[in-house]
Amino acid sequence: MLGTYGSFLLLLGLAALSGQAIFAVCGRRTWSRLAPAVGLAALSAIAWGTVRLPGHGTASLVAILVVGAASALFLWRRLDDLPRALRVDLPVALAGALAASLPFFVARRFGILGTGLDPDMSQHLLAAFQLAHGEGGRLISTGYPLGPHSLVVAVSALGVSFVHGFDGLSLAAAVASCLAPLELLWRLSALRRTAACLLVGLGYMAASYLVQGAVKESLEALFVLAFAIALHQLARSELVRAGAPPLLRAAPLAVFAAGTVYCYSFPGLLWLAIAAVVWAAAELALRARGEIRAAASAVRAAIAPTVGGIAILAAAAGPEVGRMIRFAGFSTFNPAGPGLGNLFNRISPLEALGIWPSGDFRVEPGGGFAPAPLFWLGSALALAVLAVGVAWWLSRRELAVPAALAAAALLILYSLASGTPYQEAKAISIASPLAILIAVRPVVAFAPARPRHGRAMIAAAAGLAFVVGAVGSSALVLANGPVGPAAWGPALRELHAAVGRRSTLVLASHELLDDEHGRDFLVWELRGSRVCVRPSGAPSGGPPPRGVGYVVTSGSGARPPFTALRVDRRAGPYVLWARRPPPAGNGRCPLIVPGGGRRANPAPG
C-alpha cells in the first residue's frame, strides 16, 4: 500500500507542478486542471531521456525531482487562485483516487492489476527491469514506447517495487483523467461536477483498461481527452494568457503531442493530428460561412501558434523518430498476426458510451451481470444522450471536443477495416472519455433540480438513467478488477541466488496458471534461471524430470510428487526442494535471460 500510494502521490504531485509551470511560462497565472496531464506528458519524455544513464533509475529520479523543485520555485507568486482551486479540485481528486483503488480494496491486497485479463504486465515488468539495469530487450530494440516504464524505474530508485510503481502510475493517470474535464465543469455544484468528472475519467472502457493494467492506453486516453479540452480553450482564448507570445499559445498542446510519442509512439500522434485537422477545418468552414475576411484573419492568427507548437514538438520528440520508425514493424500492427490478443472476439463500439452492465468488457451482451436486452436498452439510451450532447455542443459552436470524437470514430473505422480486433478495442477505449464528456456535460449542466413540465421530466429522467447506468457499469468493472495473482508473491525472487542457472521446476495450482496468468509472473521472478512451470497435482513417485535440479512448491504443507528431494530453504510461501544427488546437465527448461530480448514467458504452454 505504501509503495502504491507513495508512487501515486509523488508522480501526481510532480506532474501537477511541472504542468502548471508550463502554463506559467505561457503567462497563465490561474490554476489549470489540465496541468497534471501536461506534467505527465512532460515527465514521460524526461524520464525516458535519462533512464539509460548509470544508476538503476537514480538519474531519472533526480531529473524529475529537479524539474518538480524548479517548477515549484518558478510558480512562487505566479499562481493567484490556488486556495479556491484546491477547494474545488481536491474532492474530485480524492473521489477519483478512491474509485480507481476499488480493485485493491475488494481484493484486499496491492499487486499486479489485470492478472486474470491480460498477461502483458510481465513484459512491462521485464522492460522496466532491463531499463533499470542498462540492459537491452525485445521491447527496447523494437522501438516500443517506454515513457511510462521510465517513470516507474525512476520511482523504483526510492525502493518501490516495479509492481507498485505501475500501480501508482495507473492511479495518477486515472486521477488526472478525472481532473481534466473539471476545466469545463468547475462552475457546477460539487455533487454534479464530481459525478460528471468521475464518469469521464473512469467511464466503462477507461475502467476496463485500468483494471487490466493497461497503463499506456490509460495515458493515451488522458492525452487525447486533455488535448481536445485544450483545443476548446485555445479557440476561446482561455488556454493561456491572452497576451502570451503567439509562439507559446499552443505550447501545452505540443507537450501533449510529445507525451503521446513517448507513451504510445506514432499512433498516438495520429489521434491528435487528425483531431486538430478536423477541428481546424470545422472552425474555418464556420467562419467562412459568415465572412471570408474573418476566415482569413483566423488563419493568419493561427500561423504563429501552429509554428511554435510544431517547433516544440520537433525539439521534444525528435530523438524518438528512429524508434518510431522501428516500431511500425511491431507484431501488434500485423493484421495477419494474433489479432485478438486477450479478447474473446471483437467488442462492440457501443461500449465506449459507458453503459455495459458487465464486469468484463470482453463478453457478449447477456454474458455479464444483466440479460442481453438490458445491454441494448442501455446502449440505446447512451446513444440518444450522446446525439443530444453532440447537437448541444454544436449549437454553442464548441467544436473542438466533437471534432476529436469524430477523429476517434475515423480511427475506430480504420481499425475495423484494416487493423485487428485488438487494435480496435484500444481505439474504442481511447475514444470513450470524449464520448462520455460530450454526453454528460449538458446533462449535468442543465438538468433542472425539480422539472415541472412533461418534456423536462422526460429529459431529466433520461439523463438520470444514463448517469446511473454508466456509474453502475463502471462500478462493476472496478469491483471485479483482478489483483494478484493471489498465490504469487515476490518472495520467489529470494530463491534465485540459490538455484542459479540450474534447471528449476515450479509447481503451481491450476487456478494460478489458468485463471490468473500466473506462469508469466512466476517466470518473471526467476529471470536469470532455467525455469519450467507445471501444474501441481501430477502423479506421485519417481525422480523429477531429467535435468531438473530444484523444485519449488507453494505452501508450508505442499510436497512435490517426486522422490530424491530434500528441503533446501524457504522464502515466504515458497519451499525450495533440492535434488540429491544433483543431476547431470540442465534438461529442457529454458534459460530466462533478463537482457536477452526474450519475453518473460519465452516458451509455449
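See the values below:
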| item | result |
| --- | --- |
| Looking only at segment 571-599, and only at residues there that are within 36 Å of the chain's Cα centre (by Cα) and not in a loop (DSSP other than H, G, I, E, B), the one that is modelled with the highest pLDDT | 575 |
| Every residue from segment 132-173 that is closer than 24 Å to residue 258 by Cβ and among the charged types (D, E, K, R) | none |
| Test: residue in segment 232-242 that is assigned by TED's automatic domain parsing to the domain that holds residue 403, within 21 Å of residue 16 (Cα to Cα) and either in contact with a Pro (Cβ under 6 Å, 6 or more places away or on another chain) or surrounded by 24 or more Cβ atoms within 10 Å (Cβ to Cβ) (or both) | yes |
| Residue match in segment 394-410 (condition: part of a helix (DSSP H, G or I), in contact with a Pro (Cβ under 9 Å, 6 or more places away or on another chain) and closer than 25 Å to residue 284 by Cα) | yes |
| Of all residues making up segment 127-158, the number that are among the hydroxyl-bearing types (Ser, Thr, Tyr) and either outside the structural domain of residue 112 (by TED's automatic domain parsing) or surrounded by fewer than 24 Cβ atoms within 10 Å (Cβ to Cβ) (or both) | 3 |
| Matching residues in segment 10-29 - criterion: being among the aliphatic types (A, V, I, L, M) and touching a residue at least 24 places away in the same chain (Cβ under 8 Å) | 10, 11, 12, 14, 15, 17, 21, 22, 24, 25 |
| Test: residue in segment 159-169 that is on the phi > 0 side of the Ramachandran plot and either surrounded by fewer than 24 Cβ atoms within 10 Å (Cβ to Cβ) or not in a helix (DSSP H, G or I) (or both) | yes |
| Qualifying positions in segment 43-67 - assigned to a helix (DSSP H, G or I) and in contact with a Gly (Cβ under 7 Å, 6 or more places away or on another chain) | 44, 45, 47, 48 |
| Matching option when the condition is aromatic (Phe, Trp, Tyr), over 23 Å from residue 256 (Cα atoms), outside any helix (DSSP H, G or I) and touching a residue at least 12 places away in the same chain (Cβ under 8 Å), among 110, 104 | 110 |
| Count of residues meeting criterion [outside any helix (DSSP H, G or I) and modelled with pLDDT of 95 or more] in segment 170-201 | 2 |
| Selection status of residue 217, outside any loop (DSSP other than H, G, I, E, B), in contact with a Lys or Arg (Cβ under 6 Å, 6 or more places away or on another chain), of a type in the set (Asp, Glu) and over 21 Å from residue 479 (Cβ atoms) | no |
| Search result, residues across segment 262-275 that are of a type in the set (A, V, I, L, M) and in contact with a Phe, Trp or Tyr (Cβ under 8 Å, 6 or more places away or on another chain) | 272, 275 |
| Residue that is touching a Lys or Arg at 6+ places or on another chain (Cβ under 7 Å) and surrounded by fewer than 20 Cβ atoms within 10 Å (Cβ to Cβ), where the choices are 55, 27, 13, 49 | 27 |
| Criterion violated by residue 82 - all others in (1) crowded, with 18+ Cβ neighbours inside 10 Å; (2) in contact (Cβ under 8 Å) with a residue 12 or more places away in the chain satisfied | (1) |
| Residue selected from segment 135-158 under the condition assigned to a loop (DSSP other than H, G, I, E, B), at pLDDT 80 or above and not hydroxyl-bearing (Ser, Thr, Tyr), by the criterion nearest to residue 98 (Cα to Cα) | 158 |
| Of all residues in segment 509-563 being acidic (Asp, Glu) and surrounded by fewer than 15 Cβ atoms within 10 Å (Cβ to Cβ), the one that is modelled with the lowest pLDDT | 514 |
| Filtered residues of segment 577-594 (kept if surrounded by fewer than 20 Cβ atoms within 10 Å (Cβ to Cβ) and at negative phi) | 578, 580, 581, 582, 583, 584, 586, 588, 590, 591, 593, 594 |
| Segment 160-200: number of residues that are free of Cβ contacts under 8 Å to residues at least 12 places away in the same chain and polar (S, T, N, Q) | 1 |
| Boolean, residue 208 is of a type in the set (Gly, Ala, Ser), more than 18 Å from residue 95 (Cβ to Cβ), assigned to a helix (DSSP H, G or I) and assigned by TED's automatic domain parsing to the domain that holds residue 267 | yes |
| Residue match in segment 213-226 (condition: touching a strand residue (DSSP E or B) at 6+ places or on another chain (Cβ under 6 Å) and either of a type in the set (A, V, I, L, M) or buried (at least 20 other Cβ atoms within 10 Å of the Cβ) (or both)) | yes |
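Yes/no matrix, rows are residues, columns are (1) at pLDDT 85 or above; (2) crowded, with 16+ Cβ neighbours inside 10 Å; (3) in the same structural domain as residue 41 (by TED's automatic domain parsing):
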position: 298; (1), (2), (3): no, yes, yes
position: 303; (1), (2), (3): yes, no, yes
position: 306; (1), (2), (3): yes, yes, yes
position: 313; (1), (2), (3): yes, yes, yes
position: 321; (1), (2), (3): yes, no, yes
position: 325; (1), (2), (3): yes, no, yes
position: 335; (1), (2), (3): no, no, no
position: 338; (1), (2), (3): no, no, no
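The values are calculated or read from the model by the stated rules, or taken from the named source; none is laboratory data. Here the structure is a predicted model, which is why all the values come from computation and not from measurement. Positions of Cβ are generated from backbone atoms using ideal geometry, with glycine treated the same way; all protein chains shown enter the neighbour counts.
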